[in-house]
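Asker: If you scroll down you'll find the structure; I have some questions about it.
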Amino acid sequence: MKDISREDDMEEQLFLDFGIHHEGTILPLHTSITLFLMSYCNCKALKTKAVVSESERQVTLSTLSLPMDIAVVSKQDPPLIVRSCHLPAIVDASGMFCRAGLAVVLRHIIHKTYLADPTRKDVIELLGFKKTCLKACAEVSQWTRLCEISIPLAVEKFLQEPCAEIPPEILQLEKKLGEPVKVHNDDKLRRQKMQQEIKTNDNADGLGRKQELSQKKSQKTSSLELATALSKLSAQETVSRVAREPSNIRKAKNADLPPLEHVFAEGLYFTLTDVVLMPCIHQFLVALHKTSPEEISRIPLLAAWYERVQQVPGVQSAATACSITFLHFPDLNKTCDKHLQASETKTEEADSSEDQFLGGPRPTMTKLKENGIEAMFSFHPCPAPTIDWESLPAAVSPAQGNLPSDRAVRKQQQLNNLLSVVKNMAKPGDIIVDFCSGGVVLIENKEESLIRAKERSDGLGLSNIWFIQANLDYFIGAFNIGVALHACGVATDMVIEHCIAARAAFVICPCCYGFIQNTVKTTFPRSGRFQEVLSYKEHMMLCRFADQTAVQLPPERRLIGKRCMGLVDLDRAWAAEQCGYKAHVISMEPESCSPKNNLIVGFPV
């Protein structure tokens with residue numbers, strides 16, 4: 001292990017948190033997970049650095065038998081852009097582009113590995129069928145939330161305070177492993193499974209032993225799914241088929257086809273989700289086996305998954321490199337049957353999204369009006385706002401973003417509004433953060449958008465802009481004004497909450513009201529006054545009709561949509577005022593610049 005000098009590096013640098021250790025385990029588990037993936041991929045494209053507190057500066061990390069050479073740095077040593085984010089984080093050679101957060105960092109490691117060696121099909125397949133595994137942020141994706149937040153935190157707590165009670169997050173995962181499997185070639189695979197079952201039955205005729213038949217069926221069907229799953233990690237696309245399916249198989253109704261069995265976490269294929277869960281579940285099982293080994297029988301599906309992952313090529317070598325010694329549970333099947341239902345008792349989740357919307361928004365709007373609540377739009381602080389686009393470099397114009405000419409004009413009008421309001425409240429030296437991609441810091445979870453922005457920024461020779469690919473919760477830097485243009489659904493509320501936590505002003509243009517829903521952190525309605533009048537279902541009615549503002553709709557319908565938009569955003573503004581802000585809603589000028597033309601403006605008082 002070596003210490004770091006202050007020389008400039010031309011490589012991308014990966015910063016990991018090594019602040020806490022637990023019996024050879026690195027906590028937070030995000031670090032263990034990242035190292036496990038690095039080892040599985042054999043990724044050598046990143047220079048890895050362990051961030052430790054000053055008191056641990058002299059710690060010898062070699063005692064942890066890490067799979068690679070890692071330099072030790074103090075918490076003050078990483079670049080400011082890295083110190084403004086939660087770890088893990090990767091910064092590029094320019095020091096201006098940072099990727100932060102577990103899911104974002106892991107996906108980048110996969111892309112870097114595959115770019116360096118396109119023969120690593122097993123690596124790129126970790127991203128799943130459409131290459132979207134763990135791409136959505138934790139606020140909107142149950143799987144990202146479970147893998148990036150819930151499971152690691154629950155296991156860390158369990159490691160530090162072992163008990164006989166299995167955490168509800170683990171039981172939730174156990175329940176998920178029992179859910180039906182859906183894959184893109186579902187029908188084809190289920191017909192293959194039916195054909196194998198028929199052959200198994202035919203071969204067993206005359207044996208007269210039901211137990212032997214049952215065992216052969218189990219071996220045959222599980223081998224199909226496991227073989228199909230593992231084939232994705234090799235050059236072979238699917239399990240080879242010797243002959244065409246017989247007509248009775250081809251013509252079988254979908255409802256008569258046998259279900260597919262869970263093989264890995266998300267269903268049939270080994271993905272990044274399994275890589276993330278493996279170090280967590282391993283450490284949990286080790287701790288549980290020490291304290292309450294009998295409790296493992298309550299999570300038979302998870303224990304079976306744990307055994308199955310060990311069969312994936314490359315997993316054993318990665319585990320060895322990371323000093324992971326797998327457990328085995330040969331007798332688990334003998335005692336688990338009576339506990340199969342126990343794992344379901346503590347994993348009930350509220351599912352408000354299933355509410356059926358009946359009727360229109362008028363009853364809800366009337367109810368609000370009777371309680372003195374109507375959509376209110378304040379005067380625009382900068383009427384007829386304009387930017388002299390002709391005097392600016394061409395690369396600044398939205399037209400350079402490959403937009404149709406009419407859309408580019410509307411985008412210019414939207415930016416006229418946003419920038420005029422920001423200029424009206426900004427002071428010299430203020431740091432401006434553009435959430436959901438600007439100012440000085442541009443934050444966006446979508447890598448493609450940031451790369452385009454970085455290329456345009458480089459073309460303009462700008463050097464005062466940071467680019468951070470992360471869920472906004474991972475940004476912890478100080479700033480004065482937060483802006484977001486067309487922040488989708490609950491992203492608007494996330495930005496406002498982040499600005500309030502930093503006591504920063506905000507200028508937000510909301511979008512996609514129909515995507516609004518309760519999340520782990522955010523519930524609706526937002527403000528006390530709306531909560532006194534509306535239920536969650538009634539508020540969702542407003543959100544649904546707030547999206548009815550497209551230009552092709554009848555004028556009366558668009559007007560109702562605008563009023564619903566105003567009510568939803570008024571609720572957001574009043575929620576901010578409960579936190580010591582002055583907030584109001586205005587309409588962008590001209591209103592035709594966008595069907596979603598509201599601006600929520602707020603500043604601390």
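Asker: Which one is nearest to the chain's Cα centre (by Cα), of the residues in the range 79-98 that are among the β-branched types (V, I, T) and within 10 Å of F15 (Cβ to Cβ)?
Answerer: The extreme case among them is I90.
Asker: Does any residue of the range 449-472 turn out to be more than 25 Å from Q412 (Cβ to Cβ) and assigned to a strand (DSSP E or B)?
Answerer: Yes, the range 449-472 contains at least one residue that is more than 25 Å from Q412 (Cβ to Cβ) and assigned to a strand (DSSP E or B).
Asker: Shifting gears a bit: Based on what the data block shows, is S32 under 27 Å from the mean Cα position of the chain (by Cα) and either open to solvent by less than 30 Å² (accessible area, probe 1.4 Å) or modelled with pLDDT of 85 or more (or both)?
Answerer: So S32 passes the test.
Asker: Further question: What is the one condition in (1) open to solvent by 10 Å² or more (accessible area, probe 1.4 Å); (2) closer than 20 Å to I149 by Cβ; (3) modelled with pLDDT of 90 or more that V286 does not satisfy?
Answerer: The one condition V286 does not meet is (2).
Asker: Within the range 570-577, does at least one residue satisfy the condition of being surrounded by fewer than 22 Cβ atoms within 10 Å (Cβ to Cβ), out of contact with any Phe, Trp or Tyr (no Cβ under 7 Å at 6 or more places or on another chain) and assigned to a loop (DSSP other than H, G, I, E, B)?
Answerer: No - not one qualifying residue is present in the range 570-577.
Asker: Looking at (1) open to solvent by 50 Å² or more (accessible area, probe 1.4 Å); (2) under 30 Å from A426 (Cβ atoms), can you tell me which one A502 breaks?
Answerer: (1)
Asker: Looking only at the range 272-311, which residues are touching an Asp or Glu at 6+ places or on another chain (Cβ under 7 Å) and in a helix (DSSP H, G or I)?
Answerer: Hits for the range 272-311 are T273, L288, L301, L302, V309.
Asker: Looking at the range 159-176, I want the residues that are of a type in the set (S, T, N, Q) and have a partner that is surrounded by fewer than 18 Cβ atoms within 10 Å (Cβ to Cβ) with Cβ atoms under 7 Å, at least 6 apart or on another chain. Which pairs are those?
Answerer: Pairs that qualify, where the first residue is of a type in the set (S, T, N, Q) and the partner is surrounded by fewer than 18 Cβ atoms within 10 Å (Cβ to Cβ), are Q160/H22; Q172/T347.
Asker: Can you tell which of E538, E532 is assigned to a helix (DSSP H, G or I) and touching a Lys or Arg at 6+ places or on another chain (Cβ under 8 Å)? Give the derivation first.
Answerer: Numbers: E532 fails: touching a Lys or Arg at 6+ places or on another chain (Cβ under 8 Å).
On inspection, the qualifying residue turns out to be E538.
The values are calculated or read from the model by the stated rules, or taken from the named source; none is laboratory data. The model shown is predicted, which means the values in this text are computed figures rather than measured ones. Ideal geometry is used to build each Cβ from the backbone, glycine not excepted, and the neighbour counts take in all protein chains shown. When the accessible area is computed, the model is the full protein with side chains, heavy atoms only, and any ligands, DNA or RNA have been set aside. Shrake-Rupley method; radii C 1.70, N 1.55, O 1.52, S 1.80 Å.
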